[in-house]
């Protein structure tokens, strides 16, 4: 028989294990009531944590990352430089919404999406990173809780526009090549 | 009848103190009997070995030891008292490649922040009601990465996209429920 793709002997054997469901045995059936879940949600929504000091930590780290990237000579690992900016911003995205600043989450999420796809560090990208940083800092300093209404939408649209222009520019440069 | 969470021991590993306190409070409101707090992966692993909790909820980005490294230790370190323990990873990332990297480290469920109380509850229910079988293969040991369950199957499905259309309720961007086509453990 000819050896084809699908009739070769298996080279990597996998062992499948079904561990006993100890948690299920402990907790039983039935789930939690809506009343308990509502209470937990209310507790989350009514938390009185001041997001300012936490945001400051991440904003400072993000700015350090931006400065490190700006000062880079070109020999540094790109992923390391990007992570220095991206990770603190991902923390802002994660925590803003947990502590009454969903607008911070919305702005930071846009920047995380931008940073996940950029392929180089250049001055225009650094300008965009700085703009996001400045905007998030202003939102936190101005204690703009909630979604920020029309003001929030305008901020996000402006930043989104900057990202789109960046991608448009690089798309064109790729087409020229 | 309701879940008896008072019998549960949950390890929460989070370096952000307000977030750690908030997660602990939510779990206590759920009725969890014992919440063990830790502030990074190394401390988390020590407490894991000491306390042998029923579940681990860990943040991804922590210094010096992050949630992925903690998961690897839980799954592979000989000192681990229970390599099968469910690990729920909390993170601000939701991009597919990040989810895949968490999945490949042996994470059971993925919880994207910010989350609400029901999001966290759903992940806990998932590990209770739909536990994953484990796979040991080459360098990988962890929950089976190929779980997709369908309760509304009504015909052949030959494409991943078909599954997304046919079982929207089973696919949650916060869960690790997709499987790369052609993957062989």
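Here, each number is a calculation from the coordinates, and none is a lab measurement. What you see is a predicted model, and the numbers here were worked out from it, not measured in a lab. So basically every Cβ, Gly included, is an ideal-geometry build from the backbone, and we count neighbours across all protein chains shown.
Annotations
- Residues residue A:48 and residue A:131, FRET efficiency given R0 of 35 Å [Cβ-Cβ distance, rounded to 0.05]: 0.70
- Reported to the nearest whole Å, the Cα centre-to-centre distance from segment B:1-58 to segment A:2-76 is 15.
- Cα-projected label distance for residue B:77 with residue A:56, points at 7 Å along beta-carbon direction, nm: 3.4
- At 1.567 mPa s and 4 °C, Stokes diffusion of segment B:5-170 via Kirkwood alpha-carbon radius, µm² per second: 78
- Entry note, the protein assembly as shown: the mean residue ellipticity at 222 nm calculated from DSSP H runs of n ≥ 4, each adding -39500 (n - 2.57), is -16500 deg cm²/dmol after division by the residues and rounding to the nearest 500.
- Shape of segment A:27-79, Cα gyration tensor, a/c cut at 1.5: oblate
- Cα shape, segment A:88-175, gyration tensor, a/c 1.5 rule: prolate
- B:85, A:117, B:56 arranged by Cβ crowding within 10 Å, fewest neighbours leading: A:117, B:85, B:56
- Beta bridges per DSSP with both ends in segment B:5-170, % antiparallel, nearest 5: 20
- Note on residue B:43 and residue B:95: the model spin-label points, each 7 Å out from Cα along the C-beta direction, lie 3.0 nm apart.
- Inter-label distance, nm, simple model (7 Å from Cα along the C-beta direction), residue A:165/residue A:18: 6.0
- Footprinting exposure proxy ranking of B:51, A:45, fewest other C-beta atoms within 10 angstrom first, gives A:45, B:51.
- When chain A is treated as a GNM with alpha-carbon contacts under 10 Å, the residue of A:106, A:68, A:165 showing the greatest mean-square fluctuation is A:165.
- Calculated on C-alpha atoms, the gyration radius of the protein assembly as shown divided by its Kirkwood radius gives an Rg/Rh of 0.99.
- Judged by the ratio a/c of the largest to the smallest principal axis of the C-alpha gyration tensor, chain A counts as oblate, that ratio being 1.5 or greater while a/b is no larger than b/c.
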